[in-house]
1. Give the relative contact order (percent, whole number) for the stretch 143-232; include only Cα pairs under 8 Å separated by 6+ residues.
2. Determine, for each peptide in 51-57, 168-174, the mean count of other beta carbons within 10 angstrom over its residues, then list the peptides with the highest first.
3. Given the -39500 (n - 2.57) contribution per DSSP H run of 4+ residues, what per-residue ellipticity at 222 nm results for the chain, rounded to the nearest 500 deg cm²/dmol?
4. Once you keep just the Cα pairs under 8 angstrom separated by 6 or more residues, what percentage relative contact order results for the chain?
5. So which GluC sites (Glu not before Pro) in the stretch 152-195 pass both tests, a DSSP loop state and at most 10 other Cβ atoms within 10 Å of the Cβ?
6. In cubic angstrom, how much convex hull volume per residue do the alpha carbon atoms of the stretch 85-138 span?
7. Whole angstrom only: what separates the Cα centroid of the stretch 141-207 from the Cα centroid of the stretch 29-81?
8. Counting C-alpha atoms alone, how compact is the stretch 104-214: give Rg to one decimal and Dmax as a whole number, in angstrom.
Amino acid sequence: MNYNQLKKVVAQAAINLILPKLNNKSIIGVGTGSTTNYFIDALAKYKSIFDGAVASSTTTAARLNKYGIPVYELNTVSDLEFYVDGADESDKHLNLIKGGGAALTREKIIAAVAKTFICIADASKLVPIIGAFPLPVEVIPMARSHVARELVKLGGDPVYREGILTDNGNIIIDVFNMQITNPVELEAKINAIVGVVTNGLFAARTADILLLGTPEGVETIKANQVENFQRV
Ligand code: 5RP
């Protein structure tokens with residue numbers, strides 16, 4: 001199986017996991033990226049059994065709308081049982097790097113609201129230590145140079161992601177070669193730099209469940225607990 005097939009399989013596994021718990025009042029948080037796109041495609045045929053979705057990007061909102069799935073503003077939603085999203089990297093404790101698709105801030109907000117964050121990813125995303133993937137940081141445009149200098153002080157090599165504006169009108173700096181020995185501490189340190197909106201470390205709030213698509217089947221990993229393989 002290639003990576004796209006693995007992404008499709010984990011997307012279906014996420015559907016199988018949440019389906020029994022959905023009812024006509026359920027609103028689902030939906031992330032951004034190619035794995036999440038497979039999730040949306042698979043979710044569409046069940047649209048009559050849940051109320052709607054909250055989207056982490058305009059791209060995701062457009063895809064949900066295309067299928068006739070109602071998209072709600074997060075501010076109008078008080079209860080979000082599930083958030084389903086991909087990741088660029090995860091360790092076995094479900095600390096994540098996200099933001100390859102520049103949607104990290106809205107993703108982090110929805111993850112904070114959701115009771116259960118289900119991360120869906122192909123096997124290549126699980127790594128012993130996160131940080132080989134450059135860490136995305138969303139930055140207010142006028143603070144670009146200041147934030148870059150502060151990121152150098154933290155040991156990283158910041159690179160401006162050219163030609164990208166986030167849905168919030170900000171820029172992205174990707175930080176290469178960052179040693180991430182303490183993800184919770186680093187997440188807080190980077191967020192404390194004036195001009196940073198947020199960074200792509202999801203460590204203060206990790207995923208709760210990682211569904212990992214491997215050639216042998218879908219592996220279910222829960223935060224702080226590596227389970228046996230569960231085939232689907
Ligand atoms: C977008 C993200 C994505 O979840 C991440 O980039 C993974 O994307 P894909 O599913 O295409 O591999 O964080 O901001």
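1. 18 percent.
2. The most tightly packed comes first, giving 51-57, 168-174.
3. Counting only the DSSP helices, I get -8500 deg cm²/dmol.
4. Details: 519 pairs, mean separation 49.4, N = 232.
Once normalised by length, the contact order is 21 percent.
5. Glu162
6. 78
7. Distance between centres, Cα-based: 27 Å.
8. My reading of the Cα-based Rg and Dmax gives 14.1, 43 Å.
Every read-out reported here was derived from the displayed coordinates using simple, explicitly stated rules and does not represent laboratory data. Please read all numbers here as calculations on a predicted model, not as lab measurements. All Cβ positions, glycine included, derive from the backbone under ideal geometry; neighbour counts span all protein chains shown.
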